[in-house]
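The values are calculated or read from the model by the stated rules, or taken from the named source; none is laboratory data. For clarity, every value in this text was computed on a predicted model and none was experimentally measured. All Cβ positions, even for glycine, are placed from backbone atoms using ideal geometry, and neighbour counts span all protein chains on display. When the accessible area is computed, the model is the full protein with side chains, heavy atoms only, and any ligands, DNA or RNA have been set aside. Shrake-Rupley method; radii C 1.70, N 1.55, O 1.52, S 1.80 Å.
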Amino acid sequence: MNKEDFTPYLKQIKAASKEKVSDEKLIEELKNHIATYDMGIDAAVRFVIRKHSSTTSSDFSTVGQKKKISDLTCSESSVSITGKVTAVKTKNITVQGSPKEITEGSIADETGSVGFTIWNGISNIEVGAVYEFRNCYTKKFRNKPQISVGKNGSFAKMKDIEINVPSNLYSIQEVKIGNIKEDFDSVTVTGNICSIEERVVSTKGKEKTVFSGVIADDTGTIQYSAWKDFNLKKGETIRVKNAYVRSWRGILQLSFGDDCEISKESAQFPNFKFTEAEEKTIAEAIRTGGTNVTIKGTIVHIKPGSGLIQRCPVCRRAVRENKCGVHGSVMPGPDDYDLRLKLVIDDGTGTINANINRNSTEMITGITLDTVKNQMNNTLESEIVKKMSLKIFCKKVKIVGSIINDDYGSTIIVKDIAFESSNINNDAKHLLKIVEDYQ
């Protein structure tokens, strides 16, 4: 973000500040909060306002509003939590090109569990002891609250307090895939790698290879994403410790992060059956759903929201007019552009929405994100979508993906798409037969 990007926030800070501080100094402080403590811009603004308002320096060591873990909203700027530490580790990261040591872990009370990050170096936190984390801020991480102890936060061991933490919050649950639920956090599963594919995504301006597919045991299947190369191979059985569960519009997924431990297993699943992308009509797909479904149909509509979009620098959701539905006002940068298609597919039995990511959009249209970005100053957005439409409209496609049903209707999240060859004479004869049979 350059100075112009920060201008609206500088006005907000100066309006609430009691001190005269240069724009350069305020920008430096904002960048420090964003980069060092991984804050969103709105949270960083709040901290800078507090620093330069009438609040005295002694106020920054205050406890903050006391809350139970279940009451956290992901938007607290000063909160105090008391709980039992259930896990802790140190971690080396790079911040603005320099190495930095931090402490991560989880803390639980009678109402729930939450992760924490202590940004001021390695801390001698004891697993099993009760601590009070004071004057911390929260943010959303893996769709759940995360406590951050920044330079104004503190923590203290509470020797005279006992907290009864439910056993399922204190340890990583080992579960069967068919029993995984949305409210689970860290889990250990053993399953067979049914499929695996690689894709390159852009995260905070950097390209990263993600490995994804389906893993199954004798009770069910679930999608997974591995954020580093664990050398997974199709057909092998693995045990994954400390995977985390996420849900996106009703579809459960497992994520294998850097904290996962993966080992090869010899276990067999005699009742396991997995079909590679079962083919269904659109009517069947809507009725029965599925995480690995093939449909065939014709592209009959290109929906608004297709083409070049910008994503939130924090959560990667699509933003409109610099507004994110989760993080409010954001300032996407040059690396936050993305390309997508939102289509309607018809096969005669029904219609379904199809959401297509950048890689598949580039493949079926022949138009790349870089090409669109280079032309966007001289070409209207509607012209870009029109060019895409001419490439794909009324074309027959074969799609593999996951079906979701929500308030917006039925949608297939596309994992793979390809054009189907079309024989006009055969299609005409087929249509004529349908008309004759109907009469």
Here the FRET efficiency for K31 versus D416, based on Cβ atoms and R0 = 35 Å and rounded to 0.05, is 0.30
SASA check, K176, accessible area w/ 1.4 Å probe, all protein chains in place, rounded to nearest 10 Å², comes out at 90
For K233, counting only lysines whose alpha-carbon sits under 23 Å away and dropping same-chain residues fewer than eight positions off, the answer is K176, K208, K241, K264, K273, K415
Ranking V385, V330 from most to least accessible area with a 1.4 Å probe gives V385, V330
The stretch 65-114 -> Rg/Rh from Cα coords, Kirkwood Rh, value 1.08
With all protein chains in place and a 1.4 Å probe, E207 shows an accessible area in Å² (nearest 10) of 140
Expressed in square angstrom to the nearest 10, the accessible area of F256 with a 1.4 Å probe stands at 0
In the structure shown, of K386/K433; K20/K159; K91/K373; K373/K396; K31/K303; K84/K181, the pairs separated by more than 32 angstrom at the C-alpha atoms are K386/K433; K20/K159; K91/K373; K31/K303
